[in-house]
Amino acid sequence: MRGAGRITRPIWVSHWPGLLAAGLLVVLVFGTLVAVALRAEGGRGLGPSDWAAIRFTLWQATLSAGISVVLAIPVARALARRSFPGRMALVTLLGAPFILPVIVAVLGLIAVFGRSGVISKAIGVFGFEPISVYGYHGVILAHVFFNLPLATRLILQGWLSIPAERFRLAASLGMGSRDIARTLERPMLREVIPGAFLVIFLICLTSFAVALALGGGPRATTVELAIYEAFKFDFDLGRAALLALIQFAMGASAALIAFRVTMPGDMGTGLDRAVQRWDDGLVQRVLDVVVVTFASLFLLLPLTMVVLAGVPGLTTLPASIFQAAGRSLAVALGSAVLTLALALPIAALVVQRGARLVEGLGYLTIAASPLVVGTGLFLILFPFIKPSDLALPVTALVNAAMSLPFALRALVPALTAVERDYGALADALGMHGLTRVRLLWLPRLRRPIGFALGLAAALSMGDLGVIAMFADAQGATLPLQMYRLMTAYRMDDAAAAGLLLLGLSLALFWIFDRGGRVDADT
Amino acid sequence: MLTLEDAWVDLGDFTLAADFSVSEGRRVAVLGPSGAGKSTLLAMIAGFQPLSRGRVMWRGSPMADDPAARPISMVFQDNNLFPHLSVTQNVGLGLRPDLRLMREDHKRVEAALGRVGLAGKGARKPAQLSGGQIARVALARVLLRDRSILLLDEPFDALGPALRVEMLDLVAELATETQATMLMVSHNPEDARRIADEVILVEGGRAHAPVPTAQMFDDPPAALRDYLGV
């Protein structure tokens, strides 16, 4: 079958599972939105604290995205033009915050930037007052911690997408660093940066756990946190619903803007080598060393602190932590299986019907914050059943929906390739329906399936969102239990629980991802 | 009789028309310049390429939509074997697409492997086979499927000259044994001379009716002369 692209071959697998899975997602997002809208009480309008929450949400997302992108530019430039031992490890590390439980990172940031943290102690030696990490600057610091690596990867991809020949041409024309910046680098940045900024803005818009742990009060409450507080402390469902509508409106507007901007893809491929340049000088070299050192410290120090602080407490962890860990594992595994059960049929549908569908679903889940979906589910379930009874299944379901875009991004290209290479053969032999899934798709998709399962499990393991709304004292997951220890100032236990959570999240990802690679026939 | 009745495919910048019949049991070579639509012609017959107009008939009735329900075995240019399945499983797919093979099925697979010279190689994976062996596995599956029509799309182009001749002879033998009607796309006029009774020339947006091989090469039409460079 040559003349690629000419042949529009029907694939002999039913559309129904895919339509069903996509439909379930749409119902989950819009069904809960309807439930929220019906319950929202607009009568009283928005109070001053609500306006403050909206202002803070937009302000911190703008600032977090701006700082992340601005700081990422020199880091990406250094990584693009320097080869040094450990460069690849650092690039890999830049991908790690994605599966890092938010609450663990927050604990690490407190250990570094908190009142009794490393930096406060260091400046205390010189007689300075200790600094605090709680409040708006803590929220922004944590967002930069999570998104500086993402911004760096996106911008680095832009840098490495400039053909090496252009740098050679620049060198042969005798261009200096300024000329190269003007003719090659700034045009690239102008293309990459709006997309990177928007992605991070969207992420920070729906960030809940960071605001829960470090924010709060009139000056650092996001809309998501306000929804949670309206629920948990006032049990004011009408106000929570109104705030949820506002959150959805903000997310949807930002997603619509994002839809019009070319969004960068972070597939993490091809970042393994630096570009050779001829405009090097001592200033650039020193600058790059300083930038890379600071970026590495910024990323590694908090994690190191979690490990150091956590190890002593591991042996004396209370039993409640292990029970919570068990619940978390169950949720993570359930969520991973659910993610795949949704993603594979949707991927099959996309391969047959075109890729716009994936984009649509991706933006849908970004616009729909987990807390909004959670609020809706709570409102739907509340009259019939005690929400805490369903805390774990609901968490697994919402987590699966949020992991879906990432799973699709791994599965769709792989399934497209499988159908391109072996689809006609399978058709000719009559391998239809489940036979095709069993004998062709599952064996050939082992790697992306392993990756998607690992990602979904790790994301769910570390998630602190919906569970906080639904769970009672007995039904907490590990991140929630850890957060409770932190609010009770049992920092040693919290650090040990954090280390356990970190280990379990990374182990889940590693085991699934590895399982997809071992013995895979290529 | 295999009949393409006013069959026409329109892919925007590319069209292909075919209106001819091939008698049962004939071995036909499909020749023509690159991009003329030789593979598309096979895809139309196999059911991979939906027709914009017309129909494909076998023994007077239209063929099913489902490629697997057509009386056709197909050998592709590459990707004839699933790399994650063993040789036995790859051949067994010709008997049962769900691979639930009975003891009797295994015996037939082993016999087919013996016929193509691969006795005892059933447990291997495709990665452990040479190019010639991979082609033989595909032919063993053709034997078991035992369909009336055999379509081959440049099946041996990646093989060296000696091996290629060997495989062509094996294909000719198998086609005779199974009394199959055979259409083979090839780049190589020598292939046609070696095993084909007739030649279909594909050029200028049309697949022409089959012409006896000797006649085609003794008095080549202008398009074939251009292609052959004579």
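The values are calculated or read from the model by the stated rules, or taken from the named source; none is laboratory data. Fair warning: this is a prediction, and the values are worked out from it, not measured in the lab. Cβ: placed from backbone, ideal geometry, glycine included. Neighbour counts: every protein chain shown.
Please go through the range A:103-127 and give me each residue that is at pLDDT 90 or above and closer than 14 Å to A:A494 by Cβ, ordered by number.
Passing the criteria: A:I103, A:V104, A:A105, A:V106, A:L107, A:G108, A:L109, A:I110, A:A111.
For the range B:189-229, what are the residues that are outside any helix (DSSP H, G or I) and of a type in the set (K, R)?
Across the range B:189-229, the qualifying residue is only B:R206.
Does B:V91 fit the bill of being under 28 Å from A:V437 (Cβ atoms), crowded, with 21+ Cβ neighbours inside 10 Å, within 17 Å of the chain's Cα centre (by Cα) and not polar (S, T, N, Q)?
yes
With the structure loaded, tell me whether A:M175 is over 30 Å from A:T221 (Cα atoms), surrounded by fewer than 23 Cβ atoms within 10 Å (Cβ to Cβ) and at pLDDT below 90 or whether it fails that test.
yes
Check whether at least one residue in the range A:355-372 is away from every other protein chain (no Cβ under 14 Å), among the polar types (S, T, N, Q) and either surrounded by fewer than 21 Cβ atoms within 10 Å (Cβ to Cβ) or not in a helix (DSSP H, G or I) (or both), and report yes or no.
Checked against the condition, which is being away from every other protein chain (no Cβ under 14 Å), among the polar types (S, T, N, Q) and either surrounded by fewer than 21 Cβ atoms within 10 Å (Cβ to Cβ) or not in a helix (DSSP H, G or I) (or both), the range A:355-372 yields at least one hit.
Residues of the range A:208-243 being under 23 Å from A:P387 (Cα atoms) and in a loop (DSSP other than H, G, I, E, B), which ones?
A:F208, A:F233, A:D234, A:F235, A:D236
State all residues of the range A:247-284 that are among the β-branched types (V, I, T), under 20 Å from A:R190 (Cβ atoms) and at pLDDT below 80; if no residue qualifies, say none.
The answer is A:V261, A:T262, A:V275.
Taking interchain pairs and intrachain pairs at least six residues apart, which have beta carbon atoms under 8 angstrom, with the first residue in the range B:73-97 and more than 9 Å from chain A (Cβ to nearest Cβ) and the second outside any loop (DSSP other than H, G, I, E, B) and of a type in the set (V, I, T)?
Within 8 Å, the pairs are B:V75/B:V142; B:V87/B:V137; B:T88/B:V109; B:N90/B:V137; B:V91/B:V109; B:V91/B:V137; B:G92/B:V109; B:L95/B:V109.
Which residues, counting only those in the range B:97-114, are touching a Ser or Thr at 6+ places or on another chain (Cβ under 9 Å) and part of a loop (DSSP other than H, G, I, E, B)?
B:P97, B:D98, B:L99, B:L101 - these are the residues of the range B:97-114 that are touching a Ser or Thr at 6+ places or on another chain (Cβ under 9 Å) and part of a loop (DSSP other than H, G, I, E, B).
Scan the range A:482-489 and tell me whether some residue there is more than 14 Å from chain B (Cβ to nearest Cβ), under 22 Å from the mean Cα position of the chain (by Cα), of a type in the set (S, T, Y) and in a helix (DSSP H, G or I).
For the range A:482-489, residues more than 14 Å from chain B (Cβ to nearest Cβ), under 22 Å from the mean Cα position of the chain (by Cα), of a type in the set (S, T, Y) and in a helix (DSSP H, G or I): present.
Condition test on A:I203, is it at pLDDT below 90 and closer than 24 Å to A:Q60 by Cα?
Answer is yes for this residue.
Just wondering, is there one or more residues in the range A:57-70 that are in contact with a Lys or Arg (Cβ under 9 Å, 6 or more places away or on another chain) and closer than 24 Å to A:L202 by Cβ?
Among the residues of the range A:57-70, not one is in contact with a Lys or Arg (Cβ under 9 Å, 6 or more places away or on another chain) and closer than 24 Å to A:L202 by Cβ, which makes the answer no.
Considering only residues that are among the polar types (S, T, N, Q) and in contact with a helix residue (DSSP H, G or I) (Cβ under 7 Å, 6 or more places away or on another chain), look in the range A:415-468 and name the one that is nearest to A:A325 (Cα to Cα).
A:S460
Do the conditions hold for A:I227, that is, is it among the β-branched types (V, I, T) and out of contact with any Leu (no Cβ under 6 Å at 6 or more places or on another chain)?
Against the criterion (among the β-branched types (V, I, T) and out of contact with any Leu (no Cβ under 6 Å at 6 or more places or on another chain)), A:I227 does not qualify.
Can you name every residue in the range B:124-163 that is assigned to a helix (DSSP H, G or I), under 26 Å from B:P189 (Cα atoms) and free of Cβ contacts under 8 Å to residues at least 24 places away in the same chain?
B:Q133, B:P161, B:A162
List the number of the failed condition for B:D65; all other conditions in (1) at pLDDT 90 or above; (2) facing chain A (nearest Cβ under 10 Å) hold.
(1)
From the list A:P130, A:P194, A:P149, pick out the single residue that is in contact with a Lys or Arg (Cβ under 6 Å, 6 or more places away or on another chain) and farther than 30 Å from A:A37 by Cα.
Testing whether each residue is in contact with a Lys or Arg (Cβ under 6 Å, 6 or more places away or on another chain) and farther than 30 Å from A:A37 by Cα leaves just A:P130.
Identify, by number, the condition in (1) within 14 Å of another protein chain (Cβ to nearest Cβ); (2) over 20 Å from A:D427 (Cα atoms); (3) under 14 Å from the mean Cα position of the chain (by Cα) that B:E154 doesn't meet.
Result: B:E154 passes all but (2).
Which condition number in (1) at pLDDT 90 or above; (2) buried (at least 20 other Cβ atoms within 10 Å of the Cβ); (3) not hydroxyl-bearing (S, T, Y) is the one that B:D191 fails?
(1)
Residues are listed down the side, and each one gets a yes or a no for (1) within 30 Å of A:D463 (Cα to Cα); (2) touching a strand residue (DSSP E or B) at 6+ places or on another chain (Cβ under 6 Å); (3) part of a helix (DSSP H, G or I):
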{"site": "A:A76", "(1), (2), (3)": "yes, no, yes"}
{"site": "A:V104", "(1), (2), (3)": "yes, no, yes"}
{"site": "A:V112", "(1), (2), (3)": "yes, no, yes"}
{"site": "A:E129", "(1), (2), (3)": "no, no, no"}
{"site": "A:V133", "(1), (2), (3)": "yes, no, no"}
{"site": "A:L156", "(1), (2), (3)": "yes, no, yes"}
{"site": "A:D179", "(1), (2), (3)": "no, no, yes"}
{"site": "A:V192", "(1), (2), (3)": "yes, no, yes"}
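Hey, among the residues in the range A:21-30 that are out of contact with any Pro (no Cβ under 7 Å at 6 or more places or on another chain) and hydrophobic (A, V, I, L, M, F, W, C), which one's farthest from A:T416 (Cα to Cα)?
A:F30
Kindly evaluate A:R420 against the criterion of being crowded, with 23+ Cβ neighbours inside 10 Å, at negative phi and within 14 Å of chain B (Cβ to nearest Cβ).
Answer is no for this residue.
Quick one: which of A:L198, A:L156, A:L148 is buried (at least 17 other Cβ atoms within 10 Å of the Cβ), touching a Leu at 6+ places or on another chain (Cβ under 8 Å) and more than 23 Å from A:D279 (Cα to Cα)?
Only one candidate qualifies: A:L148.
If a residue must be within 14 Å of chain A (Cβ to nearest Cβ) and either in a strand (DSSP E or B) or exposed (fewer than 15 other Cβ atoms within 10 Å of the Cβ) (or both), how many such residues does the range B:1-31 contain?
8
Inside the range A:302-328, can you point out the residues that are assigned to a helix (DSSP H, G or I) and surrounded by fewer than 18 Cβ atoms within 10 Å (Cβ to Cβ)?
A:T304, A:V307, A:L308, A:P312, A:L314, A:T315, A:T316, A:A319, A:S320, A:F322, A:Q323, A:G326, listed by residue number.
Condition first: at pLDDT 95 or above, surrounded by fewer than 17 Cβ atoms within 10 Å (Cβ to Cβ) and under 16 Å from A:F298 (Cα atoms). Now tell me which residues in the range A:62-95 satisfy that.
A:V70
Which residue, of A:A426, A:A458, A:A452, A:A495, is surrounded by 24 or more Cβ atoms within 10 Å (Cβ to Cβ), among the aliphatic types (A, V, I, L, M), within 14 Å of chain B (Cβ to nearest Cβ) and in contact with a Leu (Cβ under 7 Å, 6 or more places away or on another chain)?
Result: A:A426 is the single residue among A:A426, A:A458, A:A452, A:A495 that is surrounded by 24 or more Cβ atoms within 10 Å (Cβ to Cβ), among the aliphatic types (A, V, I, L, M), within 14 Å of chain B (Cβ to nearest Cβ) and in contact with a Leu (Cβ under 7 Å, 6 or more places away or on another chain).
Going by the structure shown, is A:R438 within 14 Å of another protein chain (Cβ to nearest Cβ), basic (K, R) and under 30 Å from B:T40 (Cβ atoms)?
no
Can you name the condition, by its number, that B:A119 falls short on among (1) more than 9 Å from chain A (Cβ to nearest Cβ); (2) in a helix (DSSP H, G or I)?
Condition not satisfied by B:A119: (2).
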